[in-house]
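Each remark here refers to the structure printed beneath this line.
The values are calculated or read from the model by the stated rules, or taken from the named source; none is laboratory data. Just so you know, these numbers come straight off a predicted model, no measurement behind them. When we count neighbours, we look across all protein chains shown, and the Cβ atoms used for this are built from the backbone with ideal geometry, even at glycine. We work out accessible area using only protein heavy atoms, side chains counted, and drop any ligands, DNA or RNA first. Shrake-Rupley method; radii C 1.70, N 1.55, O 1.52, S 1.80 Å.
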Amino acid sequence: MNIPSTPGEVTLPSVEAERVPTTTRPPPRQHPYSILEALRYFAGTDENLIWGPYYERFRAAQKERTGWRPWSLGAIWDGIPAASQTRPGRLAQYYNWFTGRDPAPTLTVTPLRMRAAVDDQANAGPTTPRAFDFWQQAVSMDDRSPSQIDFSQWYGREKHPVDYDDDFYTANYRALYERLCDFCETWFGGDVYLQDYRDYDGDDDSFSPWEVPMTEQFLQYARMVAHEDAGYVDWKDILNDPAHRKWLCVGIFSQIIERKIFNQLLFGAGPTIQAELDRQDESWVLSEGFIRKEGRRQIARLSLQRGLVPDNFWNEVDDLAGQTVLVFQPLFMLMALSNRRTVSQDGPVFWQEVHTILAMAGYFQVCMTVSPSIFHVLSASPGARFQWGEETHADQRIYDDSKAFHGSHNARWGVLARLSLDNNNNNNNDTNDTNDRDRDRVNRLSDVAADYAPLPLSDGEYRAIDHQRRRGGKVMYAVFPKLTRYTAENVGEIYDDGEMPATWGALREEGEGMRIRILSRCMVVYYQGLVHSPADQTDGAPLDDHLDKIERSRMAGGVLPFFKHHWDVDGTAARSLRWPLWPETVDIFWLYWLLSLAVTSVLRRAYGPPPPVEQRGLWATLLFRPLAYHFFEAVLYLALRVPGLSLFQGRYAWWQMQGLVMASDWIMVLLEPWRGGKFQFFSYLAALLIWLDQVIVDTVPRLVEALSGVLRNGAVGSLVDRTAAVFTAVNGTAGN
C-alpha cells in the first residue's frame with residue numbers, strides 16, 4: 001500500500017455534499033386556554049400532547065382551521081353514506097366506542113367506478129393498463145366511498161386468458177411501482193423539512209421528528225426497509241429530509257403490499273375458497289412446485305368463473321386501505337400541517353389513492369395466481385452489500401452524495417494520519433526543529449483530529465485502520481421487491497440415451513425443464529457504508545436504539561417513569577405508563593405493583609395505619625392498603641398466569657386487579673362480624689361462599705324436591721299450572 005506523504009503546510013480537503021441547514025418557520029400563534037383546556041393539559045389528557053414538539057402548532061391549526069382532526073377508523077367509515085355499507089346499530093356503535101372496537105364497514109354497493117379518461121390508448125393493447133391522467137383527483141369529496149377500478153375497461157377483457165406473457169407482468173409491475181413513487185412524492189416528499197415546523201427554535205442535533213410517536217406498524221416496517229447512514233443521514237434525518245422520507249414511505253408501502261397481498265394464495269378469496277386453498281396447500285406441501293401451483297390455479301379459476309377478481313376482492317381492498325391509512329396517519333398529519341393541507345379536504349383524496357394502489361396490487365396478485373408459472377417476490381435487506389445483478393438504483397443522487405461526503409472525510413483522515421505518522425517518527429529523531437514544526441502542525445489541527453480518531457502511529461497501524469475504513473455501496477432503503485418468474489417448459493419431453501441431441505443447446509431448448517426470468521430487479525437506494533463493519537454496529541444503529549434514546553431523555557432525573565403517548569389500533573390517541581429502564585420481557589403488571597407498594601409504604605410511614613374500612617374513600621382504598629393486600633394481589637396474579645388463563649392481561653391488568661380488590665374490600669364492610677384475626681383472607685370470599693351455600697345446599701335441593709312432587713301430581717295438567725305450582729311449593733317450603 002502506498003502511504004501518502006504530507007507537505008510542509010497542511011491543508012485539509014473540504015467536506016463535500018454537506019447537509020445544508022434549513023430555516024425554522026416562525027412560531028405559531030399562541031391561543032389562550034379555557035379552564036377545561038388547562039385542566040386537560042395538566043392532567044395529560046389533551047389529545048394534542050401526542051404531537052410533542054409540534055403541540056402548539058397543532059393546537060393553533062385546530063383553532064384557526066376547520067376540519068382539522070386526526071383520522072380514526074370511525075371518522076373514515078362515517079364519511080361513507082349509510083346506504084353504501086352495512087354497519088351496526090346505534091347501541092352497538094356506542095358499545096364499540098366504549099370498548100375501543102370500530103369494525104370496518106362492508107360496502108354493499110359500488111358507488112362509482114373509475115374509467116379510463118382517454119380512449120385513444122386503446123391501441124396500447126391489453127398488456128399496458130389504460131391509466132387515466134388525473135388518477136390522484138378521482139374521488140368525491142362528499143362521498144368517501146372508495147372508487148373502484150373497472151378492470152374490464154382498463155384491460156379490455158372480461159376474463160383472464162390461459163396465461164399472460166412476460167411483457168404483461170413487467171409493464172404492470174412497473175406501473176405499480178411508478179404509481180407508488182408518485183403517491184409518496186405527492187404526500188410525503190415535496191420540499192418539507194419537518195424540523196422547520198417545530199414549536200421552538202433549538203438545537204437541530206437534539207431534535208428528532210421521531211419524538212412524535214408513529215404507529216407500531218409504521219415502526220415495524222421501517223425497521224425492515226431502512227438503515228441509517230451513520231454520520232451523514234441519521235434516523236432523525238431520514239424522517240426529516242423529504243428525499244429520504246419519500247423512499248422510506250415507498251419501502252413501507254411496498255412491504256404492506258408484499259405481506260398483505262402478494263403473500264396470499266388468492267387475494268380477495270371468500271371464506272369457502274380460502275379454506276379450500278389452505279387445505280390444498282397443506283395437503284400438497286411435499287409435492288413438486290409446479291404441481292402444487294397447477295392445483296391452486298385451477299381452484300382460483302373455478303372461483304373466478306368468468307370474472308376478473310374474486311367475490312371478496314373489494315371488501316379486502318376496503319379493509320386494507322383503512323388499515324394502511326392508519327399506518328401512515330401520524331406522518332400524514334405532520335405533512336398536512338407543514339404544507340397547509342386540511343384533513344377534511346385532502347384526507348379523502350389520500351384515502352382514495354391508497355385504495356387505488358392496493359387495488360392495482362391485488363389485481364396483479366390475482367393475475368399471478370391464475371398463471372401456471374411460479375412467481376417469487378423478494379425484498380432486499382437494509383445494510384447488506386450491493387448486488388449489481390440483483391438490484392437497481394432507485395435514486396442515484398442519494399448514493400452520489402453519500403459517496404462524496406464519506407470520500408472527502410476519508411481524504412481528510414488520510415492527511416491527518418500521515419501527519420500523525422510524521423510526528424511519531426520525528427519524535428524518535430534528534431532534530432529539534434523538525435519536532436517543533438510537526439508539533440505546531442498537530443496543535444493547529446488537534447480539534448479536527450479528534451473527530452477522526454484513532455490516528456495511526458506506525459505504518460502497520462495505518463494499513464489496519466485504512467482497511468477498516470474502506471467503504472462501498474450498501475442498501476439504505478429496500479424500496480420495491482424483486483419479481484422472478486419460473487415457467488415449466490416442454491413438459492414430458494424427456495430424451496433417453498438413444499435420442500440425445502447433438503448439442504447441449506438443443507437439449508436445453510427442446511427437453512423438459514424450467515425457464516427463469518427476472519421480470520424486475522430489487523429497487524433500492526444505496527449509501528456508502530463501511531465494508532468490513534456489520535450493519536448495526538459502527539455503520540449505523542438500529543431504529544430501536546434511536547427511539548430508546550428519545551424515551552430515556554424524557555425520564556425526569558434520568559430514572560423516573562413517564563406517560564408515553566401512542567396510537568391505538570383504531571387510530572385514536574392514547575397514553576400508557578412507560579419506564580425504559582424496565583425490562584421488556586417482564587410483565588408491566590409488576591411495574592404498577594411495585595409502584596403501588598412503594599406509595600403505600602410511604603403513606604403508611606407518613607400518616608400511620610389506614611382508616612377503618614367503612615371510612616375509606618376510593619383513593620384511600622387504593623393507597624392506604626396493608627401489605628397483606630399486595631401479597632394477595634401477587635399470589636392471585638401468579639395463580640392466574642401459571643395455568644395460562646387469559647384473565648387480567650395487557651397494560652390494564654393492574655387496574656383490573658384493583659377492581660377485584662376493591663370489590664373484596666367493600667364486601668368486608670358487609671361482613672364485619674366475620675372480620676379480624678387470622679380469618680381475614682377467608683373473609684374476602686365469605687360472602688360468595690355463603691351465597692353458594694344457600695343456593696347449592698338449601699335452595700336448589702328444595703326446588704328439585706318441590707318440582708318432583710309437582711310432576712308426580714297428575715291433577716296439574718298444563719305447563720303453566722305446573723310452573724305456578726312449583727313456585728308455590730318452593731315458597732311454601734321456604735316459609736316453613
Revision key, fill the gap. Taking 0.36 nm per residue of separation between Ala453 and Gln220 and subtracting their Cα-Cα distance, the length gained on full extension comes to 80.4 nm
**Study point:** Probe 1.4 Å, all protein chains present, accessible-area order of Arg552, Arg418, largest first
**Key:** Arg552, Arg418
Check your understanding: HN-Hα J couplings of segment 25-32 from phi, Karplus 6.51/-1.76/1.60, θ = phi - 60°, integer Hz, Gly and Pro as x?
Key -> 5, x, x, x, 5, 7, 10, x
Review point. If the limit is 25 Å between Cα atoms, which of Lys260/Lys293; Lys246/Lys403; Lys260/Lys474; Lys63/Lys246; Lys474/Lys564 go over it?
Key: Lys260/Lys474; Lys63/Lys246; Lys474/Lys564
Review point. Arranged from highest to lowest average of other beta-carbon atoms within 10 Å per residue, in what order do the peptides 327-335, 296-304, 459-467 appear?
Key: 327-335, 296-304, 459-467
Review point. For segment 335-425, what does the alpha-carbon gyration tensor say about shape, rounded, prolate or oblate, given a ≥ b ≥ c as the root eigenvalues, a/c under 1.5 as rounded, and a/b over b/c as prolate?
Key: oblate
Review point. Hey, what do the phi angles of segment 548-562 turn into as Karplus ³J(HN,Hα) couplings, whole Hz, using 6.51/-1.76/1.60 and θ = phi - 60°, x for Gly and Pro?
Key: 5, 5, 5, 5, 5, 5, 8, 6, 5, x, x, 9, 7, x, 8
Review point. At a probe radius of 1.4 Å, what is the per-residue accessible area of Asp281, in Å² to the nearest 10?
Key: 40 Å²
Check your understanding: Rounded to the nearest 0.05, what FRET efficiency do Ser381 and His31 have when you use their Cβ-Cβ distance and R0 = 30 Å?
Key -> 0.05
Check your understanding: For segment 155-217, what D do you get in µm² per second when you plug the Kirkwood radius from alpha-carbon pairs into Stokes-Einstein at 20 °C and 1.002 mPa s?
Key -> 131 µm²/s
Practice item. With a bin width of 5 angstrom, please list the P(r) values of segment 239-348 as percents of all Cα-Cα pairs, from the 0 bin to the one holding the largest distance. Key: 2, 10, 15, 16, 14, 11, 9, 8, 7, 5, 2, 0
Practice item. Hey, can you grab everything whose amide H is under 5 Å from the amide H of Ser520? Only 5+ residues off in sequence or another chain; H modelled, so Pro and N-termini drop out. Key: Leu483
